[in-house]
Amino acid sequence: MAIEGTHGLWADLAVEKPGQNKKTVHVLGVPYDGLASARKGAAEAPSEIRMWSRHITPFTEDRTDLRGLQLLDHGDIVIDDAQVGYAEVERVVAKLTDPVVVLGGDHSISIPVLREMVQNTPEMGLLWIDAHPDLCDSFDGSRLSHACVLRRALDAGLDPNRVVMVGVRSWEEQELEIISKGEMLVITAAQIAENGMAFYKTAIRDRLAFSSSIYISCDIDSLDPSVAPGTGIPDHGGLSMRDVLATIGCVAGREILGLDIVEVAPPLDPSGVTVFAALKIIMEFLGIIARQKG
Ligand SMILES: [Mn+2]
């Protein structure tokens, strides 16, 4: 379905205007859902998100003008074989010196992104927003499964004390031991529902303050399925959009490595609202970068 937009790609932010000194943000699509364990469809997210990005405005909720940013959209890395494709993702990410927005794909596409980030910046912090910890060593016979993403990041050298996990509410038995060590800051969806997001913002900021720069991995299934039904494994009792935006807001003023937004599966949501949830998160994230000084 080709629909003409009211704006250009990325609400006009991808339109290049040479000679203007703008902050650069990279965009990279990885339309691959071969390692999603249940329902697929996330491979269609990058094209849908880009298409509907023509129908939103270049302003955030607080009226931050995003037109001070230049989005460089590198298009998609098309993957047939995960081993080969993920090496390519790592190679492309390694070349980026400004923040990147990575469009999944199932969550496994974050494995090469995180591996490259950790190798390059061992002192990085990770803000993990997800219904699941994705800490399985192996799942469905694969160590690259979307249930193994954070485990692979720890293998790559990510310090668990630099991980803040928000919105979790579903656990595999093999994940419990790592969680129970208490190294990561874990804030469940139930805790946020009970006490409100404001209660946790200081703890999130304080924990991230130990890290030199921050990467955000946002699985759309962190949101409640009533908000974002188009995802492979919906888990009820999830976060509100306000919770997710407040969580992301905790990186304000920090050096930011990037954001991935994964597990958006447009074919599983005829209403299309899940794609717009992804766009909302991306644009508010861009607002944080636009408001940074320097
Ligand atoms: Mn996940």
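With a 10 Å cut-off between alpha carbons and a GNM built on the chain, which of G232, G75, G105 moves the most?
G75
With θ taken as phi - 60° and the coefficients 6.51, -1.76 and 1.60, list the Karplus ³J(HN,Hα) couplings across the stretch 219-226 in order, rounded to whole Hz; mark glycine and proline as x.
Residue by residue, the stretch 219-226 yields 8, 4, 6, 5, 5, 5, x, 5 Hz.
Under the Karplus relation 6.51 cos²θ - 1.76 cosθ + 1.60, θ = phi - 60°, what is the ordered set of whole-Hz ³J(HN,Hα) values for the stretch 143-148, x standing for Gly and Pro?
8, 10, 4, 5, 8, 10
For the modelled label position 7 Å from the Cα of M241 along Cα-to-Cβ, which residues of the stretch 261-289 have backbone nitrogen atoms closer than 14 Å?
What the label zone holds, given the 14 Å backbone N cut-off, is 272-285.
List the residues of the stretch 244-262 whose backbone N lies under 16 Å from a point placed 7 Å from the Cα of R291 along the Cα-to-Cβ direction.
244-256
Which helices count as membrane-span-like in the chain under these terms: full DSSP H, at least 18 Å along the axis by C-alpha, Kyte-Doolittle mean of 0.0 or more?
Result, helices passing both filters: 273-291.
Would you count, across the stretch 23-291, every pair of lysines whose alpha carbons are under 30 angstrom apart, provided the pair is eight or more residues apart or spans two chains? Could the numbers behind the result be given before it?
On the way: K23/K95; K23/K201; K23/K280; K40/K95; K40/K280; K95/K280; K181/K201; K201/K280.
Total qualifying Lys-Lys pairs in the stretch 23-291 comes to 8.
Could you run the Karplus curve 6.51 cos²θ - 1.76 cosθ + 1.60 with θ = phi - 60° over the stretch 64-73 and give me ³J(HN,Hα) per residue in whole Hz, x for Gly and Pro?
Each residue of the stretch 64-73 in turn: 4, 7, 7, 6, x, 9, 10, 8, 9, 8 Hz.
Please give the FRET efficiency for N161 paired with Q83, using the beta carbon to beta carbon distance and R0 = 30 Å, rounded to the nearest 0.05.
Numbers: r = 30 Å, r/R0 = 1.00.
It comes out at approximately 0.50.
Percent relative contact order of the chain, based on C-alpha pairs within less than 8 angstrom and at least six residues apart?
On the way: 651 pairs, mean separation 64.7, N = 294.
Relative contact order here is 22 percent.
Suppose we keep just the alpha-carbon trace of the stretch 123-178; what are its Rg and Dmax in angstrom?
Radius of gyration, then largest Cα-Cα span, for the stretch 123-178: 10.7, 31 Å.
Computed on alpha carbon atoms, what radius of gyration and Dmax characterise the chain, expressed in Å?
According to the Cα coordinates of the chain, Rg and Dmax are 17.5, 55 Å.
Go through the stretch 172-213 and name the chymotrypsin sites (Phe, Trp or Tyr not before Pro) that are in a DSSP coil and have 15 or fewer other Cβ atoms within 10 Å of their Cβ.
Qualifying residues, ordered by number: F210.
Enumerate the amide H contacts of V168 below 5 Å, restricted to partners 5 or more residues apart or on another chain; note that Pro and chain-start residues carry no placed amide H.
The answer is D130, I187, A189.
Every number in this text was worked out from the coordinates using simple rules, so none of it is lab data. Remember, it's a predicted structure, so these values are computed and weren't measured experimentally. Virtual Cβ from ideal backbone geometry, glycine too; neighbours counted across all protein chains shown.
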